[in-house]
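Trainee: Take this structure, written in structure tokens, and hold onto it; I'll ask about it next.
The values are calculated or read from the model by the stated rules, or taken from the named source; none is laboratory data. Predicted, not measured: the structure shown is a model, and the values here were computed from it. Here the Cβ positions follow ideal geometry from the backbone for every residue, glycine too, while neighbour counts run over all protein chains shown.
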């Protein structure tokens with residue numbers, strides 16, 4: 001047991017290195033981004049589902065929309081409150097949320113997710129070419 | 001290891017305790033459900049056009065030169081954001097003109113009417129009833145829609161293997177060797193573009209049929225192209241096929257093309 005002090009020292013160094021990112025970045029967490037709603041979105045008050053649902057589940061919703069439109073050919077989404085929407089990212093979602101940079105991108109950048117929707121789907125249908 | 005009776009009983013006890021932890025873990029694992037489980041309805045638009053098998057009849061007698069195709073090609077390519085690439089090897093085309101021997105190889109009689117031989121022929125995806133491209137696709141990114149017989153593409157799923165291009169006997173499919181966006185002359189904001197590495201082709205304007213409109217080429221053709229349900233005996237296409245002698249491309253291959261040509 002004569003190496004005890006080396007082992008303890010090594011363990012301490014190991015723990016310090018492993019936890020380095022935790023204590024180094026302590027208190028420096030980036031604040032959650034503020035999303036800006038467009039006037040159209042404010043006026044509409046509700047999205048196709050409740051805000052909480054959209055915050056948590058919009059990716060699943062879009063996935064269902066994608067498969068339904070592309071593979072089944074159905075294009076109308078009837079929300080729980082009975083309103084009908086055309087299932088289209090560019091033409092429905094971004095018609096209201098026409099500020100992609102301040103709405104979609106802010107949160108996606110914060111969460112470090114890089115959806116590749118925009119490789120094909122056009123950002124903003126209202127923008128002039 | 002000491003294998004006394006006491007030890008064995010202890011092991012049994014601990015094992016039965018371990019068996020009881022699963023429901024407890026499940027209870028913890030159950031995530032908090034935000035979502036109100038309301039049923040949502042996904043449906044077609046009321047004015048969507050429906051058919052058992054969409055088909056097109058092209059009256060080739062009405063076309064004098066390839067210039068007559070220009071407005072049709074232009075309308076299609078503009079609506080679908082088809083890029084215009086000069087390089088023939090990178091070219092993307094959904095609908096285009098070709099000459100008789102390319103459109104109908106092996107169909108030429110000796111001393112064929114020169115008028116028929118030199119007439120231009122408009123070609124596009126035939127939306128075959130037995131599409132070989134669909135069988136070739138390893139990811140089911142292309143499939144024949146049961147509801148109306150259109151051979152569709154899911155660009156999300158396409159991995160760009162180009163098996164479908166090899167399988168298609170009509171060359172109806174094009175591959176995006178380059179990012180198409182810089183080559184789109186005028187972007188239609190209502191329709192997505194494609195990205196580098198996917199195959200694309202004519203979709204019989206499925207997105208227009210869904211909102212009650214005829215395909216773009218049919219709309220601008222002023223009656224030279226007719227579109228309708230092949231299995232509806234009263235449809236306009238059936239009327240034309242009955243009244244005129246029509247041919248189809250490479251019929252001997254058994255793919256059953258849905259585009260008919262009046263010659």
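Trainee: Any residue in region A:26-43 that is touching a residue at least 24 places away in the same chain (Cβ under 8 Å) and part of a helix (DSSP H, G or I)?
Mentor: yes
Trainee: Now for a separate question. Of everything in region A:38-92, what is under 16 Å from residue B:156 (Cβ atoms), more than 7 Å from chain B (Cβ to nearest Cβ) and crowded, with 17+ Cβ neighbours inside 10 Å? Give them in sequence order.
Mentor: Answer for region A:38-92, where residues must be under 16 Å from residue B:156 (Cβ atoms), more than 7 Å from chain B (Cβ to nearest Cβ) and crowded, with 17+ Cβ neighbours inside 10 Å: A:61, A:65, A:69, A:87, A:88, A:89.
Trainee: If I go through region B:211-235 residue by residue, how many of them are in a loop (DSSP other than H, G, I, E, B) and either surrounded by fewer than 22 Cβ atoms within 10 Å (Cβ to Cβ) or at pLDDT 95 or above (or both)?
Mentor: Residues in region B:211-235 being in a loop (DSSP other than H, G, I, E, B) and either surrounded by fewer than 22 Cβ atoms within 10 Å (Cβ to Cβ) or at pLDDT 95 or above (or both): 14 in total.
Trainee: Would you mind stating whether residue B:185 is within 14 Å of chain A (Cβ to nearest Cβ), in a loop (DSSP other than H, G, I, E, B) and more than 30 Å from residue B:90 (Cβ to Cβ)?
Mentor: Numbers: within 14 Å of chain A (Cβ to nearest Cβ): yes; in a loop (DSSP other than H, G, I, E, B): yes; more than 30 Å from residue B:90 (Cβ to Cβ): no.
Against the criterion (within 14 Å of chain A (Cβ to nearest Cβ), in a loop (DSSP other than H, G, I, E, B) and more than 30 Å from residue B:90 (Cβ to Cβ)), residue B:185 does not qualify.
Trainee: Which of the residues that make up region B:128-146 are within 14 Å of chain A (Cβ to nearest Cβ) and either buried (at least 16 other Cβ atoms within 10 Å of the Cβ) or within 13 Å of the chain's Cα centre (by Cα) (or both)? I'd like the intermediate steps shown before the answer.
Mentor: Step one: filter region B:128-146 for residues within 14 Å of chain A (Cβ to nearest Cβ), giving B:134, B:137, B:139-146.
Within region B:128-146, B:134, B:137, B:140, B:141, B:142, B:143, B:144, B:145, B:146 qualify.
Trainee: Do any strands (runs of 3 or more DSSP E) entirely within region B:85-147 hold 1 or more residues that are within 23 Å of residue B:60 (Cβ to Cβ), and if so, which? Give the steps one after another, and end with the answer.
Mentor: On the way: elements: B:95-98, B:121-124, B:142-144.
Answer list for region B:85-147: B:95-98, B:121-124.
Trainee: Which of the residues that make up region B:152-182 are more than 10 Å from residue B:141 (Cβ to Cβ) and within 14 Å of another protein chain (Cβ to nearest Cβ)?
Mentor: B:176, B:178, B:179, B:180, B:181, B:182 - these are the residues of region B:152-182 that are more than 10 Å from residue B:141 (Cβ to Cβ) and within 14 Å of another protein chain (Cβ to nearest Cβ).
Trainee: Let me ask something else. If you check residue B:204 against the conditions, is it within 13 Å of chain A (Cβ to nearest Cβ), closer than 17 Å to residue B:77 by Cα and modelled with pLDDT of 95 or more?
Mentor: Details: within 13 Å of chain A (Cβ to nearest Cβ): yes; closer than 17 Å to residue B:77 by Cα: yes; modelled with pLDDT of 95 or more: yes.
In short, yes.
Condition check ((1) closer than 30 Å to residue B:46 by Cβ; (2) free of Cβ contacts under 8 Å to residues at least 40 places away in the same chain; (3) in contact with a helix residue (DSSP H, G or I) (Cβ under 8 Å, 6 or more places away or on another chain)) across all residues:
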| residue | (1), (2), (3) |
| --- | --- |
| A:55 | no, yes, no |
| A:76 | yes, yes, no |
| A:81 | yes, yes, no |
| A:99 | no, no, no |
| A:105 | no, yes, no |
| A:116 | no, yes, no |
| A:119 | no, yes, no |
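Trainee: Quick check on residue B:95: is it surrounded by 11 or more Cβ atoms within 10 Å (Cβ to Cβ), modelled with pLDDT of 95 or more, out of contact with any helix residue (DSSP H, G or I) (no Cβ under 6 Å at 6 or more places or on another chain) and under 30 Å from residue B:251 (Cβ atoms)?
Mentor: Here the answer is no, as residue B:95 does not meet what is asked.
Trainee: While we're on this one: If you check B:51, B:45, which single one turns out to be outside any helix (DSSP H, G or I), within 30 Å of residue A:51 (Cβ to Cβ) and either at pLDDT 90 or above or touching a strand residue (DSSP E or B) at 6+ places or on another chain (Cβ under 6 Å) (or both)?
Mentor: B:45
Trainee: Could you tell me whether residue A:49 is closer than 30 Å to residue B:140 by Cβ and assigned to a loop (DSSP other than H, G, I, E, B)?
Mentor: Yes.
Trainee: Note down all Cβ pairs under 9 Å where the first residue falls in region B:38-62 and is free of Cβ contacts under 8 Å to residues at least 24 places away in the same chain and within 12 Å of chain A (Cβ to nearest Cβ), the second is assigned to a strand (DSSP E or B) and buried (at least 18 other Cβ atoms within 10 Å of the Cβ), and they're at least six residues apart or on different chains.
Mentor: Qualifying pairs under 9 Å: B:40/A:77; B:41/A:76; B:41/A:77; B:42/A:76; B:42/A:77; B:43/A:76; B:43/A:77; B:46/A:76.
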